[in-house]
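**Student:** Supplied in structure tokens, the structure appears directly below.
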Amino acid sequence: MTNADDTLLRLDGVFTNIGRYRILHGVSLAARRGRVTMLLGRNGAGKTTTLRTIMGLWKARLGKIIFDGQPITALDTPHIARLGIAYVPENMGIFGKLTVRENMLLATGRRGFDPQHLERALESFPALKMKWESPAGSLSGGQKQMLAIGRAIIEQRRLLLIDEPTKGLSPAMVDQLVEALLRLKREHTTILLVEQNFRVAEAVGDDVAVMDEGHTIHTGDMMALGANHGLQHRLLGLSMADSV
Amino acid sequence: MSRQWIGQLNRWAPYALTPLVVVAALPAIGPGPWVTLTVAGLTMGVMLFMVASGLTLIFGLMDVLNFAHAAFVAVGAYIAVTVLQPLAGWTNELSMTLNLAALLVALVAAAAASGALGFVFERVVIRQVYGAPLRQILITIGALTVIEQLVIAIWGPQALPLPKPVMLRGSVFIGSSSIETYRLFALCVGLAVALAMHLFLTRTRLGLVVRAGVEDREMIQALGYHIRRVFIGVFMAGTALAGMGGMMWAQYQAVVGSQIGDSMTILVFIILIIGGLGSVGGCFIGAILVGLTSNYVGFLAPKLALGSNILLMALILLWQPRGLFPITEHH
């Protein structure tokens, strides 16, 4: 699927435990530069654990995580973030007591907002501009998701890890979010995106990795998976492949 | 009543509680003593805030309930005694400038000593028990005893006098109400500390990181901040504030004993619970409420003075089970 040169992130046989339970059983996948890699799988397949392991929030027991040629398996989370990896967790990680501006400011470098990046983030998510000085806790679910992604792109990032951004959002909000993701894709942002909505995955994904029970069971081209209903059914089951 | 209206009422009611208590006390107490008691209550409140604010931040950010916090209060108070003894010439001079300069030196020394001890304490004791609440309770209660015994070993078992500087003795009169000069001074210092803390938390990047860390430690790390370094800073600041509070409290009582912090502990925990664990704003309002209630009830029904704060806490918890200003669920 990948050439060594264009791989930005690679996981080789990663095992992760949570407490006494082994959740990842040798996950191997790659995210190529400037492309959107979808991480698909049923609930409990280990997608969220994979993203958290990449971020160092849970430590890999075995295996290697290589980012831009550098092993990051043993690094702590702040170190990993400072390499240019932004993480948007499933719960969005919004600081509800802080304003939208303060949430965004926390993700900037020492010099604060870069006008160009700020404009790009606010153009992608105009609702944030209107709620700029409002407590983030007062935003709707969709607006919080926009803030979470806006915060992730407020600085130049090399890789975005996004966990189920469309979960629980209205169809209109999902469309808006897909539009924003497509815009990031056009800008050649490298994204590793966990998604349950197959329609969204088809719309934005270039590559795909499918997980099941802590293993990677398929890697390949997203378009090819979209066109192969039998494969979808075998890898993901009806519930996911049929979701629109 | 619409749901939105009830939401607004719930949002603003905690802020209205203190003014309501102050206004409600006026007819029961009468205007003369009311002014005296209100100033006394506010003073007590801001001094308690100095001690409690550090503890609430430490809990909010680090999930550590430090029962040894009272020891830092004692250390601050004893350091103040040690510093002010050679400065007796300044404190006995009829000069406000020299009096205040002596207190400033003592305040800085108390904060520095408690903060430095806090640094060592975090490294040696707290670091071993992050994420283990039961061990935290045991080890911090044990450490409280050890530090108090060390204080006795250094300064002796007898309570030491800490007389107020000459210019801060006596009272001033507002109409027919008498107000102790030291209380006004302590009120100004306490408000200045609260303001400084507010500005730090709302106007600086580090303050923003602390506030965010209280809400979601994990996410703040995912944004590239080393939370452990922030922990140490917050722990030192919290213990330094306890030392300052200890110095102010000891000077107010004009005497220092090794268990000075213990007498504040119950009130401090009541404040933390009333305000909402981890909330500095809630801690400030909780401290003022406790200070006012103690003074008003102490005047109206002295036998109920201590119980009044526990009753206040129970009533507030019945209304707001997570305190007046709860922090978002985290960790």
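The values are calculated or read from the model by the stated rules, or taken from the named source; none is laboratory data. Remember, predicted model here, so these are calculated numbers, not experimental data. Here the Cβ positions follow ideal geometry from the backbone for every residue, glycine too, while neighbour counts run over all protein chains shown.
**Student:** Of B:Ala28, B:Ala13, which residue is in contact with a helix residue (DSSP H, G or I) (Cβ under 9 Å, 6 or more places away or on another chain), in a helix (DSSP H, G or I), more than 26 Å from B:Arg183 (Cβ to Cβ) and among the small types (Gly, Ala, Ser)?
**Tutor:** Result: B:Ala13 is the single residue among B:Ala28, B:Ala13 that is in contact with a helix residue (DSSP H, G or I) (Cβ under 9 Å, 6 or more places away or on another chain), in a helix (DSSP H, G or I), more than 26 Å from B:Arg183 (Cβ to Cβ) and among the small types (Gly, Ala, Ser).
**Student:** Which ones in the range B:252-292 are polar (S, T, N, Q) and closer than 15 Å to B:Leu317 by Cβ?
**Tutor:** Residue satisfying the conditions is B:Ser279 alone.
**Student:** Taking the condition surrounded by 21 or more Cβ atoms within 10 Å (Cβ to Cβ), at the interface with another protein chain (Cβ under 9 Å from one of its Cβ atoms) and either in contact with a His (Cβ under 6 Å, 6 or more places away or on another chain) or modelled with pLDDT of 95 or more (or both), does A:Ala148 pass?
**Tutor:** In short, no.
**Student:** Hey, does the range B:103-110 have a residue that's touching a residue at least 40 places away in the same chain (Cβ under 8 Å) and farther than 17 Å from B:Trp249 by Cβ?
**Tutor:** Looking through the range B:103-110, none of the residues is touching a residue at least 40 places away in the same chain (Cβ under 8 Å) and farther than 17 Å from B:Trp249 by Cβ.
**Student:** Since B:Ile260 meets every condition but one in (1) farther than 28 Å from A:Tyr87 by Cα; (2) within 14 Å of chain A (Cβ to nearest Cβ), which condition does it not meet?
**Tutor:** Looking at each condition in turn, B:Ile260 falls short on (2).
**Student:** Checking the condition crowded, with 21+ Cβ neighbours inside 10 Å, outside any loop (DSSP other than H, G, I, E, B) and more than 14 Å from chain B (Cβ to nearest Cβ), which residue from A:Ala31, A:Ala81, A:Ala45 passes?
**Tutor:** Testing whether each residue is crowded, with 21+ Cβ neighbours inside 10 Å, outside any loop (DSSP other than H, G, I, E, B) and more than 14 Å from chain B (Cβ to nearest Cβ) leaves just A:Ala31.
**Student:** So which of A:Leu62, A:Leu51, A:Leu75, A:Leu39 ends up being closer than 30 Å to A:Leu231 by Cβ, more than 8 Å from every other protein chain (Cβ to nearest Cβ) and either part of a helix (DSSP H, G or I) or without any contact (Cβ under 8 Å) to a residue 24 or more places away in the chain (or both)?
**Tutor:** None of the others qualify; the one that does is A:Leu51.
**Student:** Which ones in the range B:187-221 are more than 7 Å from chain A (Cβ to nearest Cβ) and small (Gly, Ala, Ser)?
**Tutor:** Once the filter is applied, which keeps residues that are more than 7 Å from chain A (Cβ to nearest Cβ) and small (Gly, Ala, Ser), the range B:187-221 yields B:Gly190, B:Ala192, B:Ala194, B:Ala196, B:Gly207, B:Gly213.
**Student:** Test B:Ala109 against the criterion of being closer than 23 Å to B:Ile270 by Cα, surrounded by 15 or more Cβ atoms within 10 Å (Cβ to Cβ) and small (Gly, Ala, Ser), and give yes or no.
**Tutor:** no
**Student:** Let me ask another. Could you say which residue among B:Ile285, B:Ile270, B:Ile327 is within 14 Å of another protein chain (Cβ to nearest Cβ) and closer than 21 Å to B:Met197 by Cβ?
**Tutor:** B:Ile327 is the lone residue from the list that is within 14 Å of another protein chain (Cβ to nearest Cβ) and closer than 21 Å to B:Met197 by Cβ.
**Student:** Would you mind stating whether A:Val174 is under 28 Å from A:Ile66 (Cα atoms), in a helix (DSSP H, G or I), hydrophobic (A, V, I, L, M, F, W, C) and free of Cβ contacts under 8 Å to residues at least 40 places away in the same chain?
**Tutor:** No; evaluated as a whole, the condition is false for this residue.
**Student:** With respect to the numbered conditions (1) in contact with a helix residue (DSSP H, G or I) (Cβ under 8 Å, 6 or more places away or on another chain); (2) assigned to a strand (DSSP E or B); (3) surrounded by fewer than 21 Cβ atoms within 10 Å (Cβ to Cβ), which one is the sole condition not fulfilled by A:Thr219?
**Tutor:** So the condition that A:Thr219 fails would be (1).
**Student:** Do you know which residues across the range A:84-108 are in a loop (DSSP other than H, G, I, E, B) and either facing chain B (nearest Cβ under 8 Å) or without any contact (Cβ under 8 Å) to a residue 60 or more places away in the chain (or both)?
**Tutor:** The answer is A:Pro89, A:Asn91, A:Met92, A:Gly93, A:Ile94, A:Phe95, A:Gly96, A:Lys97, A:Leu98, A:Ala107, A:Thr108.
**Student:** Further, regarding this structure: Tell me whether the range A:222-236 contains one or more residues that are surrounded by fewer than 21 Cβ atoms within 10 Å (Cβ to Cβ) and either of a type in the set (Ser, Thr, Tyr) or closer than 28 Å to B:Gly224 by Cβ (or both).
**Tutor:** no
**Student:** Which members of the range B:223-247 meet the condition of being more than 14 Å from chain A (Cβ to nearest Cβ) and touching a His at 6+ places or on another chain (Cβ under 9 Å)?
**Tutor:** B:Gly238, B:Thr239, B:Ala242
**Student:** Just one of (1) part of a helix (DSSP H, G or I); (2) under 13 Å from the mean Cα position of the chain (by Cα) trips up A:Thr166, so point out which.
**Tutor:** For A:Thr166, the exception is condition (1).
**Student:** If I go through the range B:226-246 residue by residue, how many of them are among the hydroxyl-bearing types (Ser, Thr, Tyr) and farther than 11 Å from B:Ile126 by Cβ?
**Tutor:** Of the residues in the range B:226-246, 0 are among the hydroxyl-bearing types (Ser, Thr, Tyr) and farther than 11 Å from B:Ile126 by Cβ.
**Student:** Residue by residue through the range A:109-128, note down the ones that are away from chain B (no Cβ under 14 Å) and loosely packed, with under 14 Cβ neighbours inside 10 Å.
**Tutor:** A:Pro115, A:Gln116, A:Glu119, A:Glu123, A:Pro126
**Student:** Right, another one. Can you list the helices (runs of 4 or more DSSP H) found entirely within the range B:129-248 that contain at least 3 residues being crowded, with 21+ Cβ neighbours inside 10 Å and touching a residue at least 40 places away in the same chain (Cβ under 8 Å)?
**Tutor:** B:133-155, B:181-203, B:205-215
**Student:** I would also like to ask the following. How many residues are surrounded by fewer than 23 Cβ atoms within 10 Å (Cβ to Cβ) and assigned to a helix (DSSP H, G or I) when one looks only at the range B:249-259?
**Tutor:** So the count comes out to 2.
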